[in-house]
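Here's the structure we're looking at; comments come further down.
The values are calculated or read from the model by the stated rules, or taken from the named source; none is laboratory data. None of the values given here were measured: they were computed from a predicted structure. In this analysis, Cβ positions are derived from the backbone assuming ideal geometry, glycine residues included, and neighbour counts consider all displayed protein chains. Ligands, DNA and RNA are stripped out before the accessible areas are found, and what is left, the full protein with its side chains, is counted by its heavy atoms. Shrake-Rupley method; radii C 1.70, N 1.55, O 1.52, S 1.80 Å.
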Amino acid sequence: MTTDQFRTTTPPAPRAALTAKVLVAAFALALLTDLGSLVAEAETGHRIAKPLLMPLIAAFVVVRGGPRLLVVALLFGWGGDVFLLSGADWAFLVGMASFAVGHVCYLALFAAVRGSAVPPRWTAPVYGTALVVFVVLLWPGLPAELRVPVAGYAALLTVMARQSTALGLLAGLGGALFLVSDLIIATGVADWPQLPEPDFWIMLIYSAGQSLLALGVLGVLARTTDGTEPRR
């Protein structure tokens with residue numbers, strides 16, 4: 001199986017560079033609007049800007065000729081974003097399920113593009129210990145009906161974050177930031193004390209995580225296309 005089989009298009013022509021820059025600018029504007037709306041407690045601005053973020057990154061990936069699985073993972077992230085706009089318990093569970101499918105897509109994608117690279121050995125005890133510690137600490141504060149789903153989701157997310165380290169610094173940092181953003185959400189569900197403006201930090205860290213995951217995958221594919229080995 002080759003990485004070309006996972007591309008949305010052929011690698012981008014020079015004329016696509018302008019489109020990519022426009023999409024980056026649009027993403028930055030949408031993110032700033034969302035973060036500003038959260039600080040200003042402007043709910044309408046948040047509801048408009050938040051659903052734009054992942055589609056803009058996905059469009060950037062398409063323009064760059066990135067893999068279909070990356071686009072699908074980002075769009076399932078979009079689904080999670082949309083459902084989490086609702087405060088209903090059912091919407092939280094559906095949103096978490098959408099994110100979970102996105103993580104499965106990421107795992108399949110990582111396996112397809114990483115070549116012979118594997119996660120550094122230190123990541124197994126670090127991520128494994130972090131998972132156990134936080135699930136044990138969060139468990140008593142979680143609503144009974146959410147304990148098992150949250151624990152299962154946390155395990156999947158932790159595996160995704162660890163596997164992302166096999167693709168290099170950018171993807172590894174992206175996976176770690178995604179993990180941190182969802183951990184902040186989980187602490188809120190468990191009624192832990194929160195930082196000021198927790199939603200601001202969640203969206204900032206989450207958006208950075210998804211962006212770095214996309215850039216990390218695109219970077220590995222670019223190095224593979226150039227005939228060099230993926231970074232270990």
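Can you find a residue that is among the charged types (D, E, K, R) and without any contact (Cβ under 8 Å) to a residue 24 or more places away in the chain anywhere in the range 96-117? Among the residues of the range 96-117, not one is among the charged types (D, E, K, R) and without any contact (Cβ under 8 Å) to a residue 24 or more places away in the chain, which makes the answer no. Cβ-Cβ contacts under 6 Å between residues 6 or more apart (or on different chains), taken from a first residue in the range 74-92 that is within 13 Å of G102 (Cβ to Cβ) and in a helix (DSSP H, G or I) to a second residue that is of a type in the set (V, I, T) and open to solvent by 50 Å² or more (accessible area, probe 1.4 Å), are listed as F76/V101; F83/V94.
When each of L157, L221, L170 is tested for being open to solvent by 30 Å² or more (accessible area, probe 1.4 Å) and either touching a helix residue (DSSP H, G or I) at 6+ places or on another chain (Cβ under 6 Å) or in contact (Cβ under 8 Å) with a residue 24 or more places away in the chain (or both), the lone residue that passes is L170. You will find that of G80, G66, G95, G115, the residue that is under 24 Å from V24 (Cα atoms) and either open to solvent by 20 Å² or more (accessible area, probe 1.4 Å) or in contact with a Gly (Cβ under 9 Å, 6 or more places away or on another chain) (or both) is G80 and no other. Determine whether I205 is touching a Ser or Thr at 6+ places or on another chain (Cβ under 7 Å), open to solvent by 30 Å² or more (accessible area, probe 1.4 Å) and modelled with pLDDT of 95 or more. Taking the combined requirement at face value, the residue satisfies it.
Flag not set for F60, criterion: assigned to a helix (DSSP H, G or I), open to solvent by 60 Å² or more (accessible area, probe 1.4 Å) and modelled with pLDDT of 95 or more. Before we move on, is F27 at pLDDT 95 or above, over 15 Å from L212 (Cα atoms) and among the hydrophobic types (A, V, I, L, M, F, W, C)? No.
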